[in-house]
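Read through the structure below, which is laid out as structure tokens, and then see the notes.
The values are calculated or read from the model by the stated rules, or taken from the named source; none is laboratory data. Here the structure is a predicted model, which is why all the values come from computation and not from measurement. Methodologically, a virtual Cβ is constructed for each residue, glycine included, from the backbone with ideal geometry; neighbour enumeration extends over all protein chains shown. We work out accessible area using only protein heavy atoms, side chains counted, and drop any ligands, DNA or RNA first. Shrake-Rupley method; radii C 1.70, N 1.55, O 1.52, S 1.80 Å.
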Amino acid sequence: MIIKNFQELARTDARKFLLEITENVLIEYSPENYIFLYLKENDPMKEIKEFSVISIGKASVKMATGALKFYRERIKRCIVLTNEDEVNFQDIEHMKTDLLILRGDHPYPGQNSLTSTKTIIDFISNEANPILFLVSGGGSAMLEYPRVKIDEYNRIIKCLMDNGTDIYGLNNVRCCLSNVKCGKLLNYYKGDLWVSLIISDVPGDDPRIISSGPSIPWKYDLRSIQRKISICSVECPDQVQEFSYEGRLVNSVILKNRNFLDYLSLKLRERGYEVLDLGSGINMENHRLAHWIGEIYRFAIESKRDRFAIIGGGETTVEVKGNGEGGRNQELALRVMKELKGNFTFLAIGTDGIDGNSIAAGAIVDNSDLNSFGLEEIETYLENNDSFTLLKRMGDAIITGKTGNNVSDLFMLIHN
């Protein structure tokens, strides 16, 4: 099973149901299965006899596996950039494809990312064949060749994140500090066809933002985050050459958070729940989302809705004040608990299996937890950003390990 502590968490029928449909959606939309089926219907390389594949991000191994199984010997070389500790390509290792596994760092680029990115740059600088570029979230850290020293780069990004900068602000800064983001990776490519298939992990599914858009040309604009730039002492080097690639370029987002929400909505309706769908592009502060969920929950109760579900997806921001263990999904679960009264079960999870600086993917909580843990105790842990420690005590932290997927976060609340 993907959820390793499923039995421990499934203490009620409601919990078991939410955990089951979460498990099933992660299997149904596995990048390996999905990209294989996508290519059967929408093969962008069907006229190409020989080409190379570069796959980056948290889903890179599974995306590459699906592509290798579909194209087989038509792929001349396959480069996979991953942060996974162990990589197993199982039945495809006997193929004639030249397979190269590179290591990247996450959540901040380090020497692995720099060395691997240089290897990719060297390869595409001498490659004339078409390239199929498989992109998933996490590539912002794994694929990087900065224009400043790496320690300074990471100081800036960490400062911005700790001060609640959203994904758009972060990527504006990343672009000005990078030689490969915002389409600049293609400036090194010598061929004339580059096709990108992208799994989205960002609200709005903007391909410029996913892994900081290494194949998406755009100009950064720092005006919207001037205050945070000032706080974090950000200085951008002089502009480098903008996007200069002149060949054919195709960028397609093929899998996103919305696909997951549609599946969950269907399963909830089949069980008899009225579904209140808040959308897949949620991008706001964690405590604001918890309050919004609470307001909708109270409205539904006052409207005499007896059996309903509230679902949504996206990515919240958290202002880090303490030094505890946890992540945005676990904080959201605790904040939602503070907002609600009555019979509820709430689940929040990161589809990549990692939430913040903890080993958990997220959490599942219900009203019975409030019988053992008071609101003041919950607030104390939140103030120290120590949600995982409390949820571990509650027996509510969801443990999956890295899932090999990444379409941002999901949450579901049900009321019977």
Legend entry - Among LEU114, LEU100, LEU264: highest mean-square fluctuation, GNM of the chain, C-alpha pairs under 10 Å: LEU100
Inset, instruction - Select from region 148-193 those trypsin sites (Lys or Arg not before Pro) which occupy a DSSP coil region and have at most 10 other Cβ atoms within 10 Å, ordered by residue number. - result: LYS149
Inset, instruction - Give the angle, between 0 and 90 degrees and rounded to the nearest 10, that separates the Cα long axis of helix 150-162 from the longest principal axis of the Cα atoms of the chain. - result: 30 degrees
Inset, instruction - Quick one: which residues, 5+ away or cross-chain, put their amide H under 5 Å from the amide H of LEU99? H built at 1.01 Å from N. - result: CYS78
Legend entry - Backbone HN-Hα couplings from phi across region 291-307 [Karplus 6.51/-1.76/1.60, Hz, Gly and Pro as x]: 5, 4, 4, x, 5, 5, 4, 5, 4, 5, 5, 5, 8, 6, 7, 8, 9
Legend entry - Percentage relative contact order, the chain, counting C-alpha pairs under 8 Å, at least six apart: 16 percent
Inset, instruction - Name the most mobile residue of SER125, SER136, SER113, meaning the one with the largest mean-square fluctuation, in a Gaussian network model of the chain with Cα contacts below 10 Å. - result: SER125
Legend entry - Antiparallel bridges, percent of DSSP beta bridges restricted to region 1-142 (to nearest 5): 0 percent
Legend entry - Distribution of pairwise C-alpha distances over region 109-216, 10 Å bins, in %: 15, 48, 31, 6, 0
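Treat every Asp and Glu Cβ in region 162-304 as -1 and every Lys and Arg Cβ as +1, leave all other atoms uncharged, and give the resulting dipole magnitude about the Cα centre to the nearest 20 debye.
100 debye
Give me the percent of DSSP beta bridges within the chain that run antiparallel, rounded to the nearest 5. The partial results should precede the final answer.
Numbers: 22 of 57 bridges.
Here the share of antiparallel DSSP bridges comes out near 40 percent.
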Legend entry - Cα Rg, Dmax, region 98-140, angstrom units: 11.4, 32
Inset, instruction - Please identify every one of the GluC sites (Glu not before Pro) in region 209-289 that sits in a loop by DSSP and has no more than 11 other beta carbons within 10 Å of its own beta carbon. - result: GLU235, GLU246
Legend entry - Share antiparallel - DSSP beta bridges, region 75-208, percent rounded to 5: 10 percent
Inset, instruction - Keeping all protein chains in place, calculate the accessible area per residue for the chain (probe 1.4 angstrom), answer in Å². - result: 42 Å²
Inset, instruction - Would you mind checking the radius of gyration and Dmax of region 279-416 based on alpha-carbon positions, in Å? - result: 14.0, 42
Inset, instruction - Calculate the length of the line joining the C-alpha centroid of region 1-51 to that of region 368-416, in whole Å. - result: 23 Å
Legend entry - the chain, accessible surface, carbon-and-sulfur percent (1.4 angstrom probe): 45 percent
Legend entry - Reachable lysines, given that their alpha-carbon falls under 28 Å from the alpha-carbon of LYS16 and they are not under 8 places away in the same chain: LYS4, LYS58, LYS62, LYS256, LYS267, LYS304, LYS338, LYS341, LYS392, LYS402
Legend entry - Bins of 5 Å from zero: percent of alpha-carbon pairs in region 212-286: 3, 9, 12, 12, 13, 12, 13, 10, 7, 5, 2, 0
Inset, instruction - In whole Hz, with x marking every Gly and Pro, tabulate ³J(HN,Hα) for region 44-59 from phi via Karplus 6.51 cos²θ - 1.76 cosθ + 1.60, θ = phi - 60°. - result: x, 10, 5, 8, 9, 7, 8, 7, 10, 10, 10, 10, 10, x, 5, 9
Inset, instruction - Please state, as a whole number in µm²/s, the translational diffusion coefficient that the Stokes-Einstein equation yields for the chain at 37 °C and 0.692 mPa s, with Rh defined as the Kirkwood radius across alpha carbon pairs. - result: 149 µm²/s
Legend entry - Built amide H within the under 5 Å cut-off of ILE399, gap 5+: LYS4, ASN5, ALA361
Legend entry - For the chain, built as a Gaussian network whose Cα springs stay under 10 Å, the top-fluctuating residue of LEU132, LEU197, LEU276: LEU276
Legend entry - Karplus (6.51, -1.76, 1.60) ³J(HN,Hα), θ = phi - 60°, over region 25-34, in Hz, Gly and Pro reported as x: 5, 5, 6, 4, 10, 4, x, 4, 5, 5
Inset, instruction - Before rounding to the nearest 500, sum -39500 (n - 2.57) across all DSSP H runs of length at least 4 in the chain and divide by the residue total; then give [θ] at 222 nm in deg cm²/dmol. - result: -11000 deg cm²/dmol
Legend entry - Amide H partners (placed H, <5 Å) of VAL275, local residues excluded: ALA309
